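Before any comments, here is the structure.
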Amino acid sequence: MFNIFEYPFVGIGLAVVSMFALWVFGAVRPDKKRKWHFAVPFVIAALAFAIAYFVQTDKEKVLGAVNKGIKAFEKQKIEPIKEITADNYTDIANTSKEMLIAYCQGLFQTAAVEKITLFSRRIEIDGDKATFMMEGLLKFTEQSEMAKMGKPFLIVKARLHFKKTPQKKWLINSSEILELDRKPVNWGQLHN
């Protein structure tokens, strides 16, 4: 079932049904037909779009954090990465948020990314925890050490673990690199 907070199509469907129902009602009972009846479907459709736009679901918040991280890597900005990373961040190789930030700053020097294109993404939300799986293509800048070594592109598969804060924000509290160019790899191998 579609979530009305994510997709306005449910509301649009209701607007179409109400338009048809009001048309039938007007044909059957012309004496009860009112001028404002034609506006009801438009109001329902407008409300559907307003709800989808103004109410952010957990899924949309997780996607927003991921998109913020992608833009940060493309623009080589560390502040957005700090904003979407939990203070208690830890993974196999980075035992703290500070270590992850230092690792990202090092990546900006050697593997500067020009564009990230996601091939696939999957979100699983369970209460106040979420897992985001993604596979995408990283295109390195021409000035990047990776591009100079003859590697202008890299296919990366990763898993990000999110935790919901009391302020209803979703922050990354752990991550895993699963594959590079379709070959299994992990954080430990990348740090060696």
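Some notes on this structure:
- The residues of the stretch 136-168 that are within 20 Å of residue 123 (Cβ to Cβ), among the charged types (D, E, K, R) and part of a loop (DSSP other than H, G, I, E, B) amount to a single one, 168.
- Breaking point among (1) on the phi > 0 side of the Ramachandran plot; (2) of a type outside the set (Asp, Glu); (3) in contact (Cβ under 8 Å) with a residue 40 or more places away in the chain, for residue 76: (3)
- Residue list for the stretch 181-192, filter: surrounded by 14 or more Cβ atoms within 10 Å (Cβ to Cβ) and either at pLDDT 90 or above or not aliphatic (A, V, I, L, M) (or both): 186, 187
- Checked against the criteria, residue 10 does not count as over 27 Å from residue 133 (Cβ atoms) and assigned to a helix (DSSP H, G or I).
- Residue 35 buried (at least 16 other Cβ atoms within 10 Å of the Cβ) and at negative phi: no
- Checked against the criterion of being out of contact with any strand residue (DSSP E or B) (no Cβ under 7 Å at 6 or more places or on another chain) and either outside any helix (DSSP H, G or I) or polar (S, T, N, Q) (or both), the candidates 92, 44, 123, 116 yield just one match: 92.
- Residue list for the stretch 95-113, restricted to those being aliphatic (A, V, I, L, M), under 29 Å from residue 166 (Cα atoms) and assigned to a loop (DSSP other than H, G, I, E, B): none
- Selection status of residue 2, at pLDDT below 85 and either under 30 Å from residue 101 (Cα atoms) or aromatic (Phe, Trp, Tyr) (or both): yes
- Checked against the criteria, residue 65 counts as part of a helix (DSSP H, G or I) and touching a strand residue (DSSP E or B) at 6+ places or on another chain (Cβ under 7 Å).
- Filtering 129, 115, 97 for residues that are in contact with a His (Cβ under 8 Å, 6 or more places away or on another chain) and in contact (Cβ under 8 Å) with a residue 12 or more places away in the chain leaves a single hit, 129.
- Of everything listed in (1) in the same structural domain as residue 185 (by TED's automatic domain parsing); (2) surrounded by 14 or more Cβ atoms within 10 Å (Cβ to Cβ), the single unmet condition for residue 75 is (2).
The values are calculated or read from the model by the stated rules, or taken from the named source; none is laboratory data. Computed from a predicted model, the values in this text were never measured in an experiment. Positions of Cβ are backbone-derived with ideal geometry, glycine not excepted, and every protein chain shown enters the neighbour counts.
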